[in-house]
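In what follows, a structure is listed as structure tokens, so that the remarks can point back to it.
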Ligand code: ADP
Ligand code: MG
């Protein structure tokens with residue numbers, strides 16, 4: 001009956017949180033019943049109640065409860081929101097579990113075999129809010145809706161599971177920029193495949209790895225909100241998934257099937273793209289199949305039309321920053337308190353739109369490695385920096401846009417609201433002006449963005465003729481323009497009392513009967529009536545039916561009046577139905593243009609990022625780096641953008657020059673604790689990364705060449721944030737740097753070798769330095785801060801190594817830090 005099986009391909013869901021809690025601690029036969037519980041106000045609802053719905057079935061159940069159990073059986077690991085009229089009700093253990101989590105009153109309305117059924121409920125319109133709160137606490141929520149017409153006296157409603165809310169499918173209106181990936185892991189022999197979909201934006205990423213560590217890094221960088229794995233996969237994959245502290249769902253192995261993957265890809269991306277992606281990579285096909293089938297199940301079988309063509313995580317064209325570099329350099333999170341505020345991103349993220357906020361994070365996470373592309377981005381920033389008028393105009397326009405990408409996702413998943421339509425309308429209204437500004441720009445990148453921008457005037461027109469200009473906040477008010485639909489206009493007229501129709505009827509009855517004093521009236525008990533004073537009763541036609549007698553008059557109804565009454569009383573409902581139909585049609589029309597609209601969102605996002613980078617450059621006094629082919633890092637007056645900002649009152653930041661050239665490849669940097677060694681190392685890496693993402697840099701002057709990778713390795717002693725300061729981790733990461741670094745990389749080594757005994761540590765540090773110095777005969781540009789003063793001996797043997805120190809002076813008992821990087825090693829004293 002009515003309950004759709006959504007999860008046919010998906011079996012064996014499992015949930016990390018035990019759901020056994022209600023009823024816990026009870027014993028024996030009584031164990032199924034909780035002793036008289038009390039609701040939030042302390043009212044007891046008496047007697048014993050059912051603790052669990054398990055095993056309850058059969059004739060004792062009402063038909064609605066039978067539907068409840070059927071739905072529950074399909075998605076046993078989730079909390080079921082079961083629609084009953086204007087409410088979603090939660091029953092049994094769902095109610096006892098959720099009521100305290102959601103601050104709802106726990107009550108009961110019915111009994112089975114003498115035991116009360118626990119119950120709590122929420123109004124329909126609040127479903128997202130409550131579902132999201134449960135998901136945030138680690139639960140899945142299943143929404144079971146009434147389908148089709150229903151109402152009092154209409155018998156049992158049809159019900160269907162329409163969607164399942166999990167961390168990856170929360171489509172709330174919040175505009176947190178962070179992506180919410182659903183990732184699937186798949187391992188075949190020593191091949192690790194990873195696919196990840198952000199349902200809220202349609203982003204689709206994929207990667208395959210021969211190396212478990214590289215796979216783990218890729219996953220950690222994506223920070224998935226939810227993971228699916230094959231229930232029979234290898235232990236290392238299972239354990240890793242479990243260690244990430246997000247919802248993990250195990251699916252039976254048949255969900256990971258390359259053929260299923262192919263058909264899911266075709267249905268999501270269309271035949272042309274779906275047919276060709278991941279060809280020859282069965283592991284990726286398998287992971288993609290599981291991801292897409294799972295998402296389809298959660299979203300009620302809705303298509304995933306807004307998905308982008310998958311981007312490959314090993315894509316050339318970008319610098320891959322591994323997890324340890326991202327963390328050590330505090331690109332997105334400060335290691336002290338985990339906040340964004342004290343991280344690099346907060347200094348540059350001055351974006352105005354959620355799309356821009358996401359894109360600037362992507363730019364920072366994946367700097368470019370193509371010189372021409374880098375220079376083009378820098379020119380766009382420079383152009384906006386110098387042209388304040390244009391920049392302000394763009395910023396003003398961007399500030400009005402909402403989260404177009406997420407609005408599109410909701411619309412294509414048939415979960416769109418009127419607000420989402422307004423977001424699309426605003427975007428389309430902004431588009432033509434934005435295009436003009438961009439096309440007029442001198443920077444080729446901005447000009448190209450303008451040329452790519454397609455204003456979609458027809459679609460805008462459709463939205464504008466349909467939606468009222470100022471969409472009211474109240475849900476019951478009409479949002480459709482007058483004169484769009486004559487039928488709708490008539491219904492509205494009827495809904496507001498049908499004054500016109502009643503007046504016309506009154507006039508025609510007067511004429512027919514000749515009773516000029518005849519009046520049409522309305523009261524709650526009798527509805528509409530014709531009132532005739534006693535004087536005129538004799539003229540009343542035979543077919544009128546008497547309804548009510550007053551002292552001086554009689555009231556009647558006629559067939560025609562009854563018909564009007566019916567029309568007037570049902571007008572509101574019909575009006576709402578018709579509006580929903582018109583709105584759904586409009587939403588679908590918008591959804592069909594999703595590809596073009598997403599392209600538009602991308603243009604906005606890029607424009608936003610360039611404006612933000614121009615603003616940062618201006619406010620922070622940064623300069624445009626110059627790129628040379630010389631394999632050079634030559635920074636004059638470099639600064640650390642975050643340390644500089646959060647310096648204690650009264651202190652000023654001391655800028656430093658850093659030069660790594662053909663003759664100076666490896667700088668050994670010594671100096672006392674707290675002198676500023678780590679700061680100078682990190683600022684150099686940050687300047688390199690900022691430049692390659694297309695940003696200006698915190699320096700007086702920077703002459704750079706493109707780096708293929710930036711590696712950082714911070715000795716366990718300094719790497720407090722990590723917590724697992726084991727020597728093994730340090731060594732394996734160092735080994736990876738040695739394996740992967742090239743003459744075009746930048747390596748930052750900060751106190752490497754500290755995680756072990758002095759002698760071993762020194763031996764390791766020396767060997768690592770020598771190796772990097774010698775690599776390929778050219779050496780790898782490296783900054784090596786160390787407390788091993790023995791390392792200052794290295795330049796005697798190795799010509800490209802140079803000693804530097806961050807200077808300090810002894811001033812009586814205290815040390816005065818000069819914070820200047822100067823040539824030469826310091827000696828031990
Ligand atoms: P080290 O690595 O040599 O122990 P750090 O680089 O961690 O020292 O710096 C310690 C502190 O000194 C920083 O937190 C910062 O407050 C201050 N500092 C470092 N470099 C500078 C600088 N160039 N100008 C001003 N203050 C600095
Ligand atoms: Mg340090």
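The values are calculated or read from the model by the stated rules, or taken from the named source; none is laboratory data. The model shown is predicted, which means the values in this text are computed figures rather than measured ones. Counting neighbours? That spans all protein chains shown, and the Cβs are built from the backbone with ideal geometry, glycine included.
What to note about this one:
Okay, residues lined up against (1) touching a helix residue (DSSP H, G or I) at 6+ places or on another chain (Cβ under 9 Å); (2) at pLDDT below 90; (3) farther than 17 Å from residue 295 by Cβ:
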| residue | (1), (2), (3) |
| --- | --- |
| 173 | yes, yes, yes |
| 181 | yes, no, no |
| 188 | yes, no, yes |
| 201 | yes, yes, no |
| 236 | yes, no, yes |
| 259 | yes, no, yes |
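- Residue that is farthest from ligand 2 (Cβ to nearest atom) [pool: residues in the stretch 661-676 that are out of contact with any helix residue (DSSP H, G or I) (no Cβ under 9 Å at 6 or more places or on another chain), over 14 Å from residue 745 (Cα atoms) and in a loop (DSSP other than H, G, I, E, B)]: 663
- Restricted to the stretch 615-647, and to residues there that are part of a helix (DSSP H, G or I) and within 16 Å of ligand 2 (Cβ to nearest atom), the residue that is surrounded by the fewest Cβ atoms within 10 Å (Cβ to Cβ) is 643.
- Counted residues, the stretch 780-796 - those being out of contact with any strand residue (DSSP E or B) (no Cβ under 6 Å at 6 or more places or on another chain), buried (at least 22 other Cβ atoms within 10 Å of the Cβ) and either within 25 Å of residue 320 (Cβ to Cβ) or modelled with pLDDT of 90 or more (or both): 1
- Single residue of 139, 130, 192 found to be part of a loop (DSSP other than H, G, I, E, B), surrounded by 15 or more Cβ atoms within 10 Å (Cβ to Cβ) and either modelled with pLDDT under 85 or touching a strand residue (DSSP E or B) at 6+ places or on another chain (Cβ under 6 Å) (or both): 139
- Residues satisfying the stated conditions in the stretch 243-259, i.e. surrounded by fewer than 14 Cβ atoms within 10 Å (Cβ to Cβ) and under 22 Å from residue 140 (Cβ atoms): 243, 245, 254
- Cβ-Cβ distances below 7 Å connect the following pairs, each with a first residue in the stretch 771-795 that is within 18 Å of residue 711 (Cβ to Cβ), a second residue that is more than 15 Å from ligand 2 (Cβ to nearest atom) and in a helix (DSSP H, G or I), and a separation of six or more residues or different chains: 771/738; 779/772; 779/773; 780/772; 782/772; 784/769.
- Here residue 419 does not qualify as assigned to a helix (DSSP H, G or I), at pLDDT 95 or above, in contact with a helix residue (DSSP H, G or I) (Cβ under 9 Å, 6 or more places away or on another chain) and under 30 Å from residue 164 (Cα atoms).
- Matching residues, the stretch 769-801, being in contact with a helix residue (DSSP H, G or I) (Cβ under 7 Å, 6 or more places away or on another chain), within 16 Å of ligand 2 (Cβ to nearest atom) and part of a loop (DSSP other than H, G, I, E, B): 786, 788
- Hits in the stretch 648-657 (condition: within 16 Å of ligand 2 (Cβ to nearest atom) and either assigned to a loop (DSSP other than H, G, I, E, B) or surrounded by fewer than 23 Cβ atoms within 10 Å (Cβ to Cβ) (or both)): 654
- Single match in 501, 414 (criterion: more than 30 Å from residue 388 (Cα to Cα), touching a helix residue (DSSP H, G or I) at 6+ places or on another chain (Cβ under 7 Å) and in contact (Cβ under 8 Å) with a residue 12 or more places away in the chain): 501
- Selection within the stretch 680-699 - assigned to a helix (DSSP H, G or I) and either closer than 15 Å to residue 714 by Cα or within 16 Å of ligand 1 (Cβ to nearest atom) (or both): 680, 681, 682, 683, 684, 685, 686, 687
- Annotation: of all residues in the stretch 462-483 being touching a residue at least 24 places away in the same chain (Cβ under 8 Å) and not in a loop (DSSP other than H, G, I, E, B), the one that is farthest from residue 582 (Cα to Cα) is 464.
- Test result for residue 531, in contact (Cβ under 8 Å) with a residue 24 or more places away in the chain and under 16 Å from residue 495 (Cα atoms): no
- Pair list, Cβ under 6 Å, 6 or more apart: the stretch 671-689 residue more than 15 Å from residue 709 (Cα to Cα), other residue part of a loop (DSSP other than H, G, I, E, B) and within 14 Å of ligand 2 (Cβ to nearest atom): 677/671; 679/640; 683/640
- Any hit, the stretch 207-220, residues being in contact with a strand residue (DSSP E or B) (Cβ under 9 Å, 6 or more places away or on another chain) and within 21 Å of residue 299 (Cβ to Cβ): no
- Which listed residue, of 341, 352, is in a loop (DSSP other than H, G, I, E, B) and under 21 Å from residue 426 (Cα atoms): 352
- Residue in the stretch 321-336 that is surrounded by fewer than 21 Cβ atoms within 10 Å (Cβ to Cβ), part of a helix (DSSP H, G or I) and modelled with pLDDT of 95 or more present: no
- Residue within the stretch 583-605 that is in contact with a strand residue (DSSP E or B) (Cβ under 8 Å, 6 or more places away or on another chain) and modelled with pLDDT under 95 present: yes
- Evaluated against (1) within 13 Å of ligand 1 (Cβ to nearest atom); (2) closer than 30 Å to residue 421 by Cα, residue 612 falls short on exactly one condition, (1).
- Filter result (within 16 Å of ligand 1 (Cβ to nearest atom), within 33 Å of the chain's Cα centre (by Cα) and not in a strand (DSSP E or B)) within the stretch 700-715: none
- Candidates 612, 599 - the one that is surrounded by fewer than 18 Cβ atoms within 10 Å (Cβ to Cβ), in contact (Cβ under 8 Å) with a residue 40 or more places away in the chain and under 31 Å from the mean Cα position of the chain (by Cα): 599
- Yes/no for residue 459 being within 30 Å of residue 613 (Cα to Cα) and either assigned to a helix (DSSP H, G or I) or in contact with a strand residue (DSSP E or B) (Cβ under 6 Å, 6 or more places away or on another chain) (or both): no
- Exactly one residue out of 804, 817 is modelled with pLDDT under 95, within 16 Å of ligand 2 (Cβ to nearest atom) and in contact with a strand residue (DSSP E or B) (Cβ under 6 Å, 6 or more places away or on another chain): that is 817.
- Test: residue in the stretch 265-273 that is assigned to a helix (DSSP H, G or I) and under 18 Å from residue 193 (Cα atoms): yes
- Checklist (1) modelled with pLDDT of 95 or more; (2) away from ligand 2 (no atom under 16 Å from the Cβ); (3) surrounded by fewer than 24 Cβ atoms within 10 Å (Cβ to Cβ) applied to residue 699, failing item: (3)
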